[in-house]
Each structure stands twice: as C-alpha cells, then as structure tokens.
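So the structure is just underneath, and the comments pick up after that.
The values are calculated or read from the model by the stated rules, or taken from the named source; none is laboratory data. Just so we're clear, the structure is a prediction, and the values are computed from it rather than from any experiment. Here the Cβ positions follow ideal geometry from the backbone for every residue, glycine too, while neighbour counts run over all protein chains shown.
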Amino acid sequence: MALLQRTIAVPLRQREGLRHLGEAARGAGLWALVAALFVWSAVAETQLFVVGVIVGSVLALGAVGLTLVYGILRFGNFAHGDLMMLGAYVAFFALTGRLVGSRADVTLPEAIASLPGATVRLGDLTFGYGLLLAMAVAAVALALLCILLDRLLYRPLRERRAHVVVFSIVSLGVAIAVRNVMLLLWGPNPRQYVTGIFEARQYWFDIRLKTDQVFIFAVAVALAVLVYLLLYRTRLGKAMRAMSDNVDLARISGIDTERVVAWTWLLGGSLLAVAGVLLAVQAQLDPRLGFALLLPLFAAAILGGIGNPLGALLGALVVGVAQETSVAYFDPTYKPGVAFVILVLILLLRPRGLLGAKV
Amino acid sequence: MRSGRLVTLLAFLLVTAALVIMPAERSGWDAAGVISFLTTFATTVAIYGLFVLGLNVQWGYAGVFNFGVAAFFLVGAYTAAIFTKGPAESEFVRYVGGFGERLDLLPFLSSGEWLPFLVGALAAALMCGVLAFLMSIPTLRLREDYLAIATIGIAELMRNVVIAEEGLVNSQRGLTGIPRPFGSFFDPGDYKFVYFGIAVVLLALVFYAVEKSIRSPWGRVLRALREDETVTAASGKNVFAFKTQGFVFGAVVMGVGGAVYAYEQGGLSPDTFSHFSGTFIFWVMLVLGGSGNNRGALLGAYVVWGLWIVSLQLLSYPMPEVLSVRIFYLRDLLLGLLLIAVLLLRPQGLLPEERRVSIWVERLIRRHPLPRREEAPAASRGE
C-alpha cells in the first residue's frame, strides 16, 4: 500500500506543482505584457496613450457593470452595449426633448434644456448643468429598466433553472429589441448633445485634450471609487461578493439573493447609463455603436477576471490604450480586432484573468 | 402537447396563407407570378435552412454556443466566389483567386459548368472547418459563453478584414458577376427553377447526413455532453474532442450554405454579413423551430423567412408615413421580441426535440412494439 502511494502520489504531486508553476509563469508573463504595453505606449505614443486612457475609463464604467452582472447572475449580458447606448439616448431625450419625426424632429415643449441657464457652458466644458441633470435622469431610468427586465425575463428563467446560455440568448433578443427601439424613436442618423467645434487645449508633453475628456476621466475615477467603497465597505457589497463567490452558499447563510440581484441591476444599470452618456460626449450618439462596444467590454471584463470590478477597471484601461495605440500602426478598421486579439490571448494564457480567482 | 401541435400547425398555415395570398393579390391573381415568387422564396429558405441545420448541430446537439454564424457565412460565400469567378476584369476590381476558368479540367464533360462550383463549395466547407477548428482551441475548454464572445469577435474581425484589405476580395465594393452552375444551359428567366432544384437536392443531402450522424453513437455522445459534461467525461469520452468535432461539422455545413448563397446571389457585399442578417436571424429560426430537432430547424427557417418576406410585401399597401418609414425597425424589433417570447413561453420551440435518437432502438421498437404505458404496471403485477 505504502509502495503504491509512493509510486502514484509523488509524481502526481510533482505534476500538480508543475501546473501551478506554469500557471504562475503565465500570469507573470501576462502582467509583464500589460506593463510593457503601458510603458511603451506612454513613451512612444504619448498622445494616443492619453486618449486611450480616457476611452478606457469610459469602457471601464461599462465593464464594471458587465462584470458585476456576470459574476452575480452568471451570464454574459449581450444587451450591455445596446443598453449603454440607450442610456445615452434617454439623456439626449431628457435634455432636448427631441424625437425623430417623419421629416424634421418632433420636439417636446418642455425639456431640461429649457430650464434657465441649463445650456450655458460650464467653464471650458462644451455643455451646461443640463447634461448632468439629464445624465442623472438616464441613470435612474436605466436602473429601473434593468430591474424591470430582470423581473420580466431573467427571474422566470432563474426560477426554471435554465441553462446559462439561455440567459445569454434572451439578452441577445433584448439587445436587438433595444437597438430597434432607439432606431424607431431617434432615427438612424448620429446625433450629438452639443453641436459645434471646440478647441482642444495644450497640456504638458504636447498632449492636446478637450476639457470634456478630462471631465470624463474625472467622473470615471470618482464612480470607480464609489463602486469600490460600496463593494468593500458596506453590508450590501459583502453580500454581493458572497453571491459572486457561491450563490448557494450565500443563500443558505441567509442572504436575500433576489434583493441582491435587484441591487446589482440597479448599480449596473445606472453605471451603464453614465458610461453611455460619457461615451456619447467623447464620440457621438449612434444606435449601431452599442453592439460594437460588446467586444471591448467583454475583453476588459475577462482580462480583469470575471466578477472582479477592479480587474474590469484595469482590463478596460488595457483595452482602451491598446486600441488607441494600434491606430498608429494598423488600419483604424482593425480597432475592434485589437480587443479580439486581447481576448484570444487571455483565453489562451490565463482564462481566469489578471485578478480573477478561478474559472 | 395537443395545444403545442396546434400552435405549430397554425404558425405553418398562417405563414403559408400570407405567402400565397399577398403576392397573388398584388399581381392580380396571376398564377405564374405567384409561382415565380414562391420559387425564389423557397430557394432562400433552402439556403438558410443549411445554416440553421449547421447551427443546430452546434447548439442543438453539441451545445456549442456560436454567436458568429456570420463569420462562417462570410468565409464560405467569399471562398466559393473566388473559386468560381474568372480573373479580375478591370484594374478597379481586385481580388485573390479567380480560378474559375482554370478549373475547367474535363472539357468533354462540359466541366466548366459544374466543376468550379463543386470545388468552390468544397473549399468553402474546408475553410470554415479550419476556422472552426482554430477557434475551438482557445475557447472550447472553457465556459460555454467564452466561445460566444470569441465568435462575435471573429465575425466582426472577418468583416473588417474584408473591408480593410483592398486586394483581398475587393473591399467595400464587393464582388459581382459570380457565375452560376449550369448557367449557360438554361434560359435566364427559367434559371431560378433550376437553382431551386439544386438547392433542394443539396439541402436534402445535408439533412440526410446530419440526421444519420446524430442518430449514430457519435451523435448520442454529443447530446450527452450537452446535458452533462462531467458525466460524459466520467464515462470515458474525450469531451473537448467531441465538442470540437460538433463545432467543426456545423461550420462545414455553414460553409456549404455560404457557397450556395454566393452562387444564387451572383454578387456579395460585406454588408450582408452583419451580425443581424448573418447571425441573429438564424438563431431566431433555430430557437423558434426547436433546437435539437432538424425538422424543427427547417420549419423555423420557413416560418421566420416567411414573416420576413410578408413584412416586405406589407410595404406595397397604403399606410401612414409614420409607419412606412419605420417598418423595418418595427420588424427587427418584433423579431427580437419573438426570440425572447419563445424562450420564455415555449423553450422547446415549434417542434420539440425527440427524446430517442437512435436508428437501432427505433428498429427494435418497430419489430417488438413497447407495451402501452397504462398496461405496463398490470403486466408486471401479473408476473
């Protein structure tokens, strides 16, 4: 018996050790790759690096919401990109009260923009406090919509104990429906919150930035800190992390899982609305943009480690910087391809992501 | 179960009625016009049926989650096109391949009329199979939805490659003038009936192949690992290998579908392969028809494409402008809602999956019919 143990158990333990070693090496390699990307991009393409950080911080807000839902409800929400865009459009509607008509736009008589001074530019920003109000309206609206969608669609599936993939297919249906609601209400042409041409300002190292972009970065950082505090300093956050670790264990230890799910959607929904508005400030409003966002969002969430909000933040920065820096070397059409390459690399090297626990 | 069958029958009859009555009414009850319309319609259903069958092998049987059908559609269609077209006609049209005329290897059998198309379809199937195999390496060992994300990515990337690489397949301008099999034998006006025949024969062949393989031990392993990978692995099956085989088999079928599509259309444009018209619609067809049932897959293709065509026909009727400019968005919205409704209310689809898929068991049962359920306990008590 002892002989048998020695002959079988020892090589097994050795192999186990080798496996851990290999995984650690791959993890270290990935971290080194990320660090190298940041350093090289910051030194060689400073301007693109800074833009990449800003794009990445918008992506981060979306990816944090995505990874929370992914971690707690266990499915990839393919409607996330389109819901982000819907958030941007809801803010647009709240601000201007405009819908597409047969020939010209139909405008509501009253909207946030008709409040006194709502469109007066705040300092060097292109928009007034109206957009901030509209952003709050969109955050509330999208949070409620997400909870409603969960009650109508995902909860019945949960009760039926449907396969994870069924959730994802339903979310794909939601994505298509949401996109076409946007097309029905606001038409296919791209829109902007504020039209006009605005000068960029010169910063150190010859970096040119619009003040809007600085604002986007500031909002993203502030919200990331808020999410961190919520997750790691409150009871609710503890419950959310517990559910993300193991739903059944969380339930038998007395956590009201349905309540946590509702809070998750509330948080995810308001985050994605803000992310959508910031994205539209940085680029524009376009109903078709939502789906194109999916790939970078998922790449960011998986790179960071599914269910880990800090990881998603880091992953989004990596994806943003890599995408923007790639423009200097490849055809810009390949921008989405960069997110894809990152995704395949991470799946090959370390599927649990930079900060993730295990798959 | 009874009401389920009624729903299936009703859906079939309603779509069929709309498909016959609407064009008939529009063309002033002209039989030839209706037949021509229905032939074109049925050809498209047969081609889309190939994609839905391929998707059914992947998702319905192997449980492999492909959200990038458009990638295989695109690769299949373009590969077939560059194998059948001749060299580029002008300097403004640039693409690789153009082997069409060189493939006329057996002139005494007028092989120019069929050999390039055969080679093109085989090449399309091969390319799609290789693509699927490459994709399976990083994804199929992981969670199901990682493949979905990766396939979304590859579909997007393929379209970007087609657009960005100027000399590859003529970029955004697309390819036109793809020849047709046996094209010079028939009058162009009647050709659609010929092609309908080709498409139906191909569909029947593929259907037979898929049915045969699913009813074999191989197919039952696929179904088993879809239900529970751990149990399948515990009974000594290599889960990863079987999943890869299912994924590649489905992709090969899609490649053939892409080739048949290219020959029918005669021209390709990268816009066709968007994720809506290249992926989503096939998913609606499969889920509505009944994933895990090949007949259901075809029925789904028929019903969904029927609804699609009927909504196009609606445009010729007078309606307020508010509606007419938005009818396509409305249609796509309804398609999204249809997918959700089916998954929530009738997840098994119009034709549910059969519980037994084995030619051997079926043959046994035909020879020795099982006792009816009610009698079974009485018989055992008698012993």
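Quick one: which residue in B:VAL231, B:VAL239 is surrounded by fewer than 18 Cβ atoms within 10 Å (Cβ to Cβ), in contact with an Asp or Glu (Cβ under 6 Å, 6 or more places away or on another chain) and farther than 30 Å from B:THR40 by Cβ? That would be B:VAL239, the only listed residue that is surrounded by fewer than 18 Cβ atoms within 10 Å (Cβ to Cβ), in contact with an Asp or Glu (Cβ under 6 Å, 6 or more places away or on another chain) and farther than 30 Å from B:THR40 by Cβ. Selection of the stretch A:285-314 for residues being more than 14 Å from chain B (Cβ to nearest Cβ), outside any helix (DSSP H, G or I) and modelled with pLDDT of 85 or more yields A:LEU285, A:ASP286.
Residue under question is A:LEU343, and the condition is that it be farther than 24 Å from A:LEU267 by Cβ and touching a Pro at 6+ places or on another chain (Cβ under 6 Å); does it hold?
Values: farther than 24 Å from A:LEU267 by Cβ: yes; touching a Pro at 6+ places or on another chain (Cβ under 6 Å): no.
Judged against the criteria, A:LEU343 is not a match.
Restricting attention to the stretch A:189-214, the residues that are exposed (fewer than 13 other Cβ atoms within 10 Å of the Cβ) and more than 14 Å from chain B (Cβ to nearest Cβ) total 10. All told, A:SER114 falls short of being within 14 Å of chain B (Cβ to nearest Cβ), surrounded by fewer than 24 Cβ atoms within 10 Å (Cβ to Cβ) and out of contact with any Leu (no Cβ under 8 Å at 6 or more places or on another chain).
If you filter the stretch B:342-363 down to residues that are more than 22 Å from the chain's Cα centre (by Cα) and either outside any helix (DSSP H, G or I) or modelled with pLDDT of 80 or more (or both), you find that the one that is farthest from B:ARG5 (Cα to Cα) is B:SER358.
Across the stretch B:161-179, which residue is modelled with the highest pLDDT among those that are of a type in the set (Gly, Ala, Ser) and outside any loop (DSSP other than H, G, I, E, B)? So that I can check it myself, show each step before the final result.
Here is the first cut: in the stretch B:161-179, the ones of a type in the set (Gly, Ala, Ser) are B:164, B:167, B:171, B:174, B:177.
Applying the additional criterion that residues be outside any loop (DSSP other than H, G, I, E, B) yields B:164, B:167, B:171.
On the way: B:ALA164: 83, B:GLY167: 75, B:SER171: 77.
Result: B:ALA164.
Number of residues in the stretch B:343-361 that are touching a residue at least 24 places away in the same chain (Cβ under 8 Å), more than 9 Å from chain A (Cβ to nearest Cβ) and not basic (Lys, Arg): the value is 10.
Mind checking whether some residue in the stretch A:127-143 is touching a Leu at 6+ places or on another chain (Cβ under 9 Å), over 23 Å from A:GLN284 (Cβ atoms), surrounded by 15 or more Cβ atoms within 10 Å (Cβ to Cβ) and not aromatic (Phe, Trp, Tyr)? Scanning the stretch A:127-143, I find at least one residue that is touching a Leu at 6+ places or on another chain (Cβ under 9 Å), over 23 Å from A:GLN284 (Cβ atoms), surrounded by 15 or more Cβ atoms within 10 Å (Cβ to Cβ) and not aromatic (Phe, Trp, Tyr), so the answer is yes. Among the residues of the stretch B:305-337 satisfying the criterion of being more than 10 Å from chain A (Cβ to nearest Cβ) and not in a helix (DSSP H, G or I), which is farthest from B:MET22 (Cα to Cα)? Ranking the candidates gives B:MET319 first. Filtered by the rule that a residue be surrounded by fewer than 21 Cβ atoms within 10 Å (Cβ to Cβ) and modelled with pLDDT of 90 or more, the stretch B:132-160 gives B:PHE133, B:LEU134. Do we find that A:VAL341 is within 14 Å of chain B (Cβ to nearest Cβ), surrounded by fewer than 24 Cβ atoms within 10 Å (Cβ to Cβ) and out of contact with any helix residue (DSSP H, G or I) (no Cβ under 7 Å at 6 or more places or on another chain) in this structure? Yes: the conditions hold for A:VAL341.
Taking the stated definitions as given, is A:GLY304 within 25 Å of A:TRP31 (Cβ to Cβ), of a type in the set (Gly, Ala, Ser) and touching a residue at least 60 places away in the same chain (Cβ under 8 Å)? Steps first, please.
Details: within 25 Å of A:TRP31 (Cβ to Cβ): yes; of a type in the set (Gly, Ala, Ser): yes; touching a residue at least 60 places away in the same chain (Cβ under 8 Å): yes.
Yes; evaluated as a whole, the condition is true for this residue.
Kindly provide the set of residues from the stretch A:165-198 that are closer than 30 Å to B:PRO347 by Cβ and among the charged types (D, E, K, R), ordered by number. Explain how you work it out, then say what you get.
Of the residues in the stretch A:165-198, the ones closer than 30 Å to B:PRO347 by Cβ are A:165-184.
Selection gives A:ARG179 alone.
Suppose the filter is farther than 23 Å from A:LEU142 by Cα and more than 9 Å from every other protein chain (Cβ to nearest Cβ); does A:TRP186 pass it? Criteria not met by A:TRP186.
Please go through the stretch A:137-166 and pick out each residue that is among the hydrophobic types (A, V, I, L, M, F, W, C) and facing chain B (nearest Cβ under 9 Å).
So the first thing to find is which residues in the stretch A:137-166 are among the hydrophobic types (A, V, I, L, M, F, W, C), and the list is A:137-149, A:152-153, A:157, A:162, A:164-166.
The answer is A:LEU152, A:LEU153, A:LEU157, A:ALA162, A:VAL164, A:VAL165, A:VAL166.
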